[in-house]
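Enquirer: Please read through the structure below; I'll follow up with questions.
Every read-out reported here was derived from the displayed coordinates using simple, explicitly stated rules and does not represent laboratory data. Since we're looking at a predicted model, the values are computed, not measured. Ideal geometry is used to build each Cβ from the backbone, glycine not excepted, and the neighbour counts take in all protein chains shown.
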Amino acid sequence: EEEKHKYIKGKKLGEGTYANVYLGHLRSDPSKLVAIKKIKVQKEYTEGMAPDAIRELKHLQEISHPNIISLLSVFSSKDQNLNLVLEFLPLGDLEMLIKDVEGVRYGAADIKAWMGMLTRAIWFCHENFILHRDIKPNNLLIAADGEVKLADFGLARSFSDPYRIMTSNVITRWYRPPELLFGAKHYSGAVDIWSVGLVFAELVIRTPYIAGDTEVGQVNLICQAVGTPTEENWPGVSKLPEYTVPDPPVAVRDRNYYLGTFGTAGQEGVDLLMKMLILDPRKRITAREALEHKWWAADPKPTKKQDLPKKG
Ligand code: ADP
């Protein structure tokens, strides 16, 4: 257990749903700042869980990409808590920019730049057989050079059990794909693509697109916004364990419907969004296909990262 002695923990930076985050620095070089995220794990689950979670997180330390937050170290402290040492990114997240409608102006070229960074991050993860499962604007942190970095990687998986019982209504379900809401046991990278599509939608309209306040409510809103999943558009869906949809079914929304709401993303942007929000996960666009989409090359070109809007 060398790792925990390499860093010195400083003041508390913030408190999240399932973690406290502290400023820290390298013992050997106090100018090297880090964020130390101390995960709150429920007592009943701590027994033997930390070693498992650590093993699972270890491989995340080995992946390196400009749009994925660096996990510098993982260790458990004497109270069995799990500590993640992360790249220090103090400039906030995409949710802060989206919400600050008065203070932060951005346009189609900026959205294209942010979406490019997010799509490359997800492509890289999927190439490395890692699913994120909790993509949302608040997990997209902003670096000083304008780079957007996907955070909270792999946590959704390692901690799915403990935090389910920590009041399920604090965990946002707005970005959850229909296959997970229907209780699918086998799923793929398509779960992340759905969330990426909803981040795209939210960047355009500056408010969460499908914001249900219960799981049933979320399914109902998906049916309204995207269309009702049926055997016709998604063979096998009715056999999923928690499949229930409201009557009567809503036809899958067409291009004109999307253009009406997301027209500022342009024809090609709307085309990509629609492909990310295909109900049947097998038909949904993959990260690799998304990177080959015509939208990226269409006008306007993505904003250079150093010119992207920042929180004032
Ligand atoms: P939440 O996702 O609910 O915001 P987190 O546990 O991810 O909770 O983070 C809590 C707070 O800690 C954040 O709002 C942010 O202010 C801060 N924080 C998290 N990660 C970092 C980081 N890598 N660098 C700097 N600050 C961070």
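Enquirer: Work out the FRET efficiency for GLU268 and GLU87 from their Cβ-Cβ distance, taking R0 = 35 Å, and round it to the nearest 0.05.
Expert: Numbers: r = 33 Å, r/R0 = 0.94.
Calculated transfer efficiency: 0.60.
Enquirer: Determine, for ASP299, ASP110, the number of other Cβ atoms within 10 Å of each Cβ, and report the residues in order from fewest to most.
Expert: On the way: ASP299 9, ASP110 20.
Exposure proxy ranking, most exposed first: ASP299, ASP110.
Enquirer: For the chain, which DSSP H helices look membrane-span-like by this rule: Cα extent along the axis of 20 Å or more and mean Kyte-Doolittle of at least 0.0? Could you put the intermediate results ahead of the total?
Expert: Numbers: long enough: 49-62 (21 Å, -0.69); 108-127 (28 Å, 0.38); 190-205 (23 Å, 1.92).
Length and hydropathy pass: 108-127, 190-205.
Enquirer: Let me ask something else about it. Let me have the 222 nm mean residue ellipticity of the chain computed from DSSP H runs of 4+ only, each contributing -39500 (n - 2.57), with the sum over all residues rounded to the nearest 500. Intermediate results must be reported in sequence, preceding the final value.
Expert: Numbers: 12 runs with 108 residues, N = 312.
It lands at -10000 deg cm²/dmol.
Enquirer: Continuing with this model, one more query. Once you have the Cα-Cα distance between GLN224 and LEU291, take 0.36 nm times their residue separation minus that, and quote the gain in nm to one decimal. Write down the numbers at each step before the final one.
Expert: Values: separation 67, 0.36 × 67 = 24.12 nm, distance 2.81 nm.
Roughly 21.3 nm would be gained on extension.
Enquirer: Loop-only GluC sites (Glu not before Pro) in segment 66-140, please: DSSP not H, G, I, E or B, and at most 12 other Cβ atoms within 10 Å. If you can, show how the numbers build up before the last one.
Expert: Values: sites: GLU87, GLU95, GLU102, GLU127; in loops: GLU102.
Answer by residue number: GLU102.
Enquirer: Which Cα, out of LEU277, GLN224, PRO235, lies furthest along the positive dipole direction of the chain (beta carbon charges, K/R +1, D/E -1)?
Expert: LEU277
Enquirer: Can you give the alpha-carbon Rg of segment 161-312 over 2.2 N^0.38 Å, where N counts its residues?
Expert: Working: Rg = 16.3 Å, N = 152, 2.2 N^0.38 = 14.8 Å.
For segment 161-312, the normalised Cα radius of gyration comes out at 1.10.
Enquirer: So what is the relative contact order for segment 192-312, in percent, with contacts set as C-alpha pairs under 8 Å and at least six apart? Display every interim value, and only then the final one.
Expert: Values: 105 pairs, mean separation 31.0, N = 121.
The value is 26 percent.
Enquirer: Oh, and also: Tell me, in nm to one decimal, what length is gained between LYS12 and LYS239 on full extension, where the rule is 0.36 nm per residue of separation less the Cα-Cα distance?
Expert: On the way: separation 227, 0.36 × 227 = 81.72 nm, distance 4.70 nm.
Here the answer is 77.0 nm.
Enquirer: First check a/c for the chain, with a ≥ b ≥ c the square roots of the eigenvalues of its C-alpha gyration tensor; if it is under 1.5, answer rounded, and if not, answer prolate when a/b is larger than b/c or oblate otherwise.
Expert: Oblate.
Enquirer: In segment 223-302, what GluC sites (Glu not before Pro) fall in a loop by DSSP, with at most 16 other Cβ atoms inside 10 Å?
Expert: Of the GluC sites (Glu not before Pro), the ones in loops of segment 223-302 whose Cβ has at most 16 other Cβ atoms within 10 Å are GLU231, GLU232, GLU242, GLU292.
Enquirer: Suppose a student asked you for the relative contact order of the chain, using Cα pairs under 8 Å spaced at least 6 residues apart; what percent would you report? Intermediate values should be presented prior to the final figure.
Expert: Details: 500 pairs, mean separation 53.3, N = 312.
Reported relative contact order: 17 percent.
Enquirer: Take every Cα pair under 8 Å in segment 72-152 that's 6+ residues apart, average their separations, divide by the length, and report that relative contact order as a whole percent.
Expert: 33
Enquirer: Name the trypsin sites (Lys or Arg not before Pro) in segment 244-288 that are in a loop by DSSP and that have at most 12 other C-beta atoms within 10 Å, would you? Each step should come with its number before you reach the end.
Expert: Details: sites: ARG253, ARG255, LYS275, ARG282, LYS283, ARG284, ARG288; in loops: ARG253, ARG282, LYS283, ARG284.
Here the sparse-neighbourhood loop sites are ARG282, LYS283.
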